[in-house]
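The values are calculated or read from the model by the stated rules, or taken from the named source; none is laboratory data. Just so it is clear, the structure is predicted and the values come from calculations on it, not from any experiment. Methodologically, a virtual Cβ is constructed for each residue, glycine included, from the backbone with ideal geometry; neighbour enumeration extends over all protein chains shown. Accessible surface is based on the protein model in full, side chains and every heavy atom, while ligands, DNA and RNA are left aside. Shrake-Rupley method; radii C 1.70, N 1.55, O 1.52, S 1.80 Å.
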Amino acid sequence: MKNYEIRIAETEFETQASLALRRQVFVEEQQLFEESDADENDSSSITINIWKQGTILVGTVRCYPDLNTPSLWWGGRLAVHEQYRIRGIGVYLIEAAVQEMKQRQVPCFRAQVQEQNVQLFEKLGWTKVGASTLTQGLPHQIMEANLHVHDARKHKQSSRI
Ligand SMILES: CC(C)(COP(=O)(O)OP(=O)(O)OC[C@H]1O[C@@H](n2cnc3c(N)ncnc32)[C@H](O)[C@@H]1OP(=O)(O)O)[C@@H](O)C(=O)NCCC(=O)NCCS
């Protein structure tokens, strides 16, 4: 993972950098939201960012507790900067989020996954929960992480970036 550093956002600068990347991906690129993808879950979210050479934010993901079910956490707003895709950063972020949930002994970790990314999550051991539904006008599938296995692929993926 030479030149890349993954860490939980702690400062206002790090949080704002994540929001800016999300805006670039979910508002401008995918046009899922008109002005902002920020919502009420941001205040209770853990944001995991991945930085290149300490200053370039290349990817981000957030995890937050369900409002009604405390044993359930959601992962979401997974975004990799367009110029840094297909080099393992997305996988690295998903696995970092799963590790964070395991460390916190969260019993159940789910994500609403865009249809085109379902295979990617399945490769990482996630399973579908229920049927696909439309969210923000796009088909999404709820998926659940397997929190009870050690994922040996982590080491393979880290070496790709
Ligand atoms: C989805 C996303 C996070 C993936 O990030 P990434 O860093 O490009 O993914 P990785 O490099 O870790 O790729 C993981 C695997 O998926 C494959 N993959 C990723 N995006 C792909 C695409 N658009 N088409 C085909 N394959 C793709 C990679 O080839 C790789 O396969 P491999 O493990 O067999 O080599 C990124 O494309 C993105 O930010 N997209 C826009 C926002 C989005 O869709 N967020 C997710 C919402 S659920």
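With r defined as the distance between the Cβ atoms of Asn3 and Gln30 and R0 fixed at 41 Å, what FRET efficiency is calculated, to the nearest 0.05?
Working: r = 28 Å, r/R0 = 0.67.
Using R0 = 41 Å, I get an efficiency of 0.90.
Which residues' amide hydrogens lie under 5 Å from the amide hydrogen of Ala38, considering only partners 5 or more residues apart or on another chain, with H built in the peptide plane?
Long-range HN contacts for Ala38: none found.
With a 1.4 Å probe and all protein chains kept in place, how do Thr15, Thr127, Thr60 rank by accessible area, largest first?
Ranked list, largest accessible area first: Thr127, Thr15, Thr60.
Which shape class applies to region 47-135: rounded if a/c is under 1.5, otherwise prolate when a/b exceeds b/c and oblate if not, where a ≥ b ≥ c are the square roots of the Cα gyration tensor eigenvalues?
oblate
Run the count for the chain, please: Lys pairs, Cα-Cα under 20 angstrom, 8 or more apart or on different chains.
Lysine pairs, 8 or more places apart or on different chains, close enough: 11.
With 5 Å bins from zero, work out the P(r) of the chain over every alpha carbon pair and list the percent per bin.
2, 9, 18, 23, 24, 16, 8, 1, 0
With +1 assigned to the C-beta of every Lys and Arg and -1 to the C-beta of every Asp and Glu, and no other charges, what is the dipole magnitude of region 1-109 about the Cα centre in debye, to the nearest 20? Working shown, then result.
Values: 11 positive and 16 negative charges, 127 e Å.
Magnitude of the dipole: close to 620 debye.
Starting from the amide H of Thr135, placed 1.01 Å from N in the peptide plane, find each other amide H under 5 Å away whose residue is 5 or more places distant or on another chain.
For Thr135, the qualifying residues are His140.
With r defined as the distance between the Cβ atoms of Leu147 and Leu120 and R0 fixed at 25 Å, what FRET efficiency is calculated, to the nearest 0.05?
That gives a FRET efficiency of 0.90.
Considering amide H positions built from the backbone, and no H for Pro or chain starts, which residues 5 or more places from Leu78, or on another chain, come under 5 Å of its amide H?
Under 5 Å from the amide H of Leu78 lie the amide H atoms of Arg62, each far enough along the sequence or on another chain.
Tell me what the chain gives for mean residue ellipticity at 222 nm when only DSSP H runs of n ≥ 4 count, each as -39,500 (n - 2.57), the sum divided by the residue total, rounded to 500 deg cm²/dmol.
Details: 4 runs with 38 residues, N = 161.
It comes out at -7000 deg cm²/dmol, rounded to the nearest 500.
If exposed means no more than 16 neighbouring beta carbons inside 10 Å and the site is in a DSSP loop, what's the longest run of the chain without any exposed GluC sites (Glu not before Pro)?
36-161
Among DSSP beta bridges lying fully in the chain, give the percent that are antiparallel, nearest 5.
Within the chain, antiparallel bridges account for around 90 percent of the total.
Each label point is 7 Å from the Cα along the Cα-to-Cβ direction; what then is the distance between the points at Phe13 and Thr135, in nm?
3.2
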